[in-house]
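Visitor: Pasting in a structure now, in structure tokens, and then I'll have a few things to ask.
The values are calculated or read from the model by the stated rules, or taken from the named source; none is laboratory data. All figures in this text were calculated on a predicted structure; none of them were measured in a lab. Note that we place each Cβ from the backbone using ideal geometry, even for glycine, and neighbour counts take in every protein chain shown.
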Amino acid sequence: MQGTVTLEDLKDAAIKHASNDFVAVYAHNTVGDTLNSIRKSKTEATILYFYVLDEEDRLVGVIQTRKLLTSPLDAPVDSIMATNLIAIPDSATLMEALEFFILHRYLAFPIVNEKRNLLGVIDVGLFTQEMIDIEENEQVHRIFDTLGVQISELRTKSPFSVFRYRFPWLLATITSGTICALLAGLFQATLAESLILAFFLTLVLGLGESVSMQTMAITLHSMHHRSSQPGWFFSLLRRELTRVFLLAAVCGSIVGLIAFIWKGETAAGIVIASGIMASLMLAGFIGVSVPAILHKLRLDLRVASGPVTLALADICTILSYFSLAAFFLSK
């Protein structure tokens, strides 16, 4: 049986506190056979979900108790189970398991190994409200860390200490801004041909920064739970670039149309639309790649990801925007 853990236990492996007293059912059985099997089981635990295994004892689905009790007896289990279940890896700590409960709001989670074999079940009753409050506060701290601010510094540090911590972030912004200004200077002739490009430059940079930071935040969260899984980077990159492409196509079309209606310059409208699409796709790629590279180099993701991602997004936005402009307007 699971007992409530203490704050000191949060660094323990989650599997150490998982319960082995659970009821697993098999996908190839019918509901009737499954109910008979459950009646014969000697479990003393509170049953929140029934976890479904295949013939090789791999976790493949989950069934809520109500769904199982109200389904026809001759219905196959695999026809009523939900396959989009979320499982905790056996490498997770109790702190990481607690994040699963806060993020997904389920009452219990299965713990599985790399082969998806069910090793145990951990339920929300293991944690106290005090721990949940602490973890929610930790998530707030991570958001501020990503933005370059530690909450504690706002209350306790001296002005000079705050300066030493925050100035490197601003210095990174100054450096990237200077590089962008120098790059823009290389395209003076292009700007002279169509001044409207300068009017939309701030908007294009803002879109690129927004997408890069959104993608970076998603990547950091995904890395926290999936970085131990093989192929996670390419899976996440493919998914995020697909989403960013839809955003880029819509944003590029809207802004390009506005530019065309405003000034009546077809070429400028095409340049702005294509520039936004290219810069947003690059921003999405950067938002996924920078945290992954920093993680590989064992650098502090919270401190380094934000300024590096923004700097690279700005530089790539300037290069793609003006390169496309030079290409289209030179024809």
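Visitor: Could you check E8 against (1) modelled with pLDDT of 75 or more; (2) over 26 Å from E114 (Cα atoms) and say which number it fails?
Guide: (1)
Visitor: Quick check on region 72-95. Is at least one of its residues over 30 Å from S222 (Cα atoms) and surrounded by 15 or more Cβ atoms within 10 Å (Cβ to Cβ)?
Guide: Scanning region 72-95, I find at least one residue that is over 30 Å from S222 (Cα atoms) and surrounded by 15 or more Cβ atoms within 10 Å (Cβ to Cβ), so the answer is yes.
Visitor: Any residue at all in region 244-253 that's at pLDDT 90 or above, in a helix (DSSP H, G or I) and within 21 Å of V308 (Cβ to Cβ)?
Guide: Checked against the condition, which is being at pLDDT 90 or above, in a helix (DSSP H, G or I) and within 21 Å of V308 (Cβ to Cβ), region 244-253 yields at least one hit.
Visitor: May I pose another question? Which one of these does I258 not meet: (1) touching a helix residue (DSSP H, G or I) at 6+ places or on another chain (Cβ under 6 Å); (2) farther than 30 Å from V112 by Cα; (3) modelled with pLDDT of 90 or more?
Guide: Just one mismatch for I258, condition (1).
Visitor: For region 20-42, which positions are out of contact with any Gly (no Cβ under 6 Å at 6 or more places or on another chain) and under 21 Å from Y106 (Cα atoms)?
Guide: The answer is D21, F22, V23, A24, V25.
Visitor: Checking the structure you have, find out if any residue of region 171-190 is assigned to a helix (DSSP H, G or I), closer than 22 Å to C316 by Cβ and modelled with pLDDT under 75.
Guide: No, there is no match, as no residue in region 171-190 is assigned to a helix (DSSP H, G or I), closer than 22 Å to C316 by Cβ and modelled with pLDDT under 75.
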